[in-house]
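Contents: one structure, followed by commentary.
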Amino acid sequence: MEKHRDIEHGKTSVSTAVMTLTNKKGAVRVREIASFKKDFGETEKTVIVVRAPKDAAGVSYLQWEYEEKDGTKKDRDNWLYIPAMKKVRRISGSESNGDFMGTDFTYDDMGDRALSKDNFTLIGDETLDGEACWKIECNSKSATEKDPRRIVWIRKDNYLMQKAEFYDKQNKLHRLFTASDIKKIDGIWTTCKMKMENVQTGHFTVIETKDVMYNQAVNDSVFTVSALERGAVK
């Protein structure tokens, strides 16, 4: 799990993606987003901005993720900008289990979860889609989480997550994550398609990433609250 956490992401990454949200009746909503990420050493900063459709364009999310040291990790800082309100809203720690931009992913899913939050048990080995994986049970040390138990499949060749099952407080399967289109880009293993399904509601979200570029110059000012307030990130 440490090697999974420490996967190489490059000094910076820039990408675009199509985010498709589908409800149980088959109704579809599609969003086009852009993502910028930069490693500042002890802090990794990410900006995600919606480019389309027009009624959602400009909605932006800023995350500052802090490095885990000696079994401790400072809680990440998150901000959300809604153009219609013309204000930035800070996402509190208690909202980390909330839906990320209306998707089936949570704010917590969008960052690196501190290993110190869980107890881990190796269940065994399993092959998924032809790839050898470790199957690991992760039990949260906190009983207040929406999904306190997870089972994850970590690939043995590159330590990327191939699949994950999220169980609610009643230990019923709540959400199912699957990864596909995993390939090397600029020498860095990259998951280009992710699906998160809420099996209890029938709603699911697919994120298909494209145009990924690593280690490109990205201005530090992009990763600031003031940039969100100005709508400077496009």
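The values are calculated or read from the model by the stated rules, or taken from the named source; none is laboratory data. What you see is a predicted model; the values in this text were computed from it and never measured. Positions of Cβ are generated from backbone atoms using ideal geometry, with glycine treated the same way; all protein chains shown enter the neighbour counts. The protein model used for the area step is the full one, side chains on, heavy atoms only, and it has no ligands, DNA or RNA in it. Shrake-Rupley method; radii C 1.70, N 1.55, O 1.52, S 1.80 Å.
Numbers below:
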read-out: Filter result (under 21 Å from Cys133 (Cα atoms) and of a type in the set (S, T, N, Q)) within the stretch 157-215; value: Asn158, Gln162, Thr178, Ser180, Thr190, Thr191
read-out: Set Met85, Met110: member being free of Cβ contacts under 8 Å to residues at least 12 places away in the same chain and among the aliphatic types (A, V, I, L, M); value: Met85
read-out: Flag if Arg31 is out of contact with any Lys or Arg (no Cβ under 9 Å at 6 or more places or on another chain) and open to solvent by 30 Å² or more (accessible area, probe 1.4 Å); value: no
read-out: In the stretch 200-223, the residues that are in contact (Cβ under 8 Å) with a residue 12 or more places away in the chain and either of a type in the set (S, T, N, Q) or over 22 Å from His9 (Cβ atoms) (or both); value: Gln200, Thr201, Gly202, His203, Phe204, Thr205, Thr209, Asn215, Gln216
read-out: Pick from the stretch 24-75, criterion assigned to a loop (DSSP other than H, G, I, E, B) and of a type in the set (Gly, Ala, Ser), ranking: modelled with the lowest pLDDT; value: Gly71
read-out: Extreme residue, nearest to the chain's Cα centre (by Cα), among residues of the stretch 185-207 that are open to solvent by less than 40 Å² (accessible area, probe 1.4 Å) and more than 15 Å from Met19 (Cα to Cα); value: Thr190
read-out: From Glu165, Glu137, Glu145, Glu197, residue being charged (D, E, K, R) and touching a residue at least 60 places away in the same chain (Cβ under 8 Å); value: Glu197
read-out: Lys210, sole failed condition from (1) out of contact with any Leu (no Cβ under 9 Å at 6 or more places or on another chain); (2) open to solvent by 30 Å² or more (accessible area, probe 1.4 Å); (3) within 19 Å of Glu44 (Cβ to Cβ); (4) not aliphatic (A, V, I, L, M); value: (3)
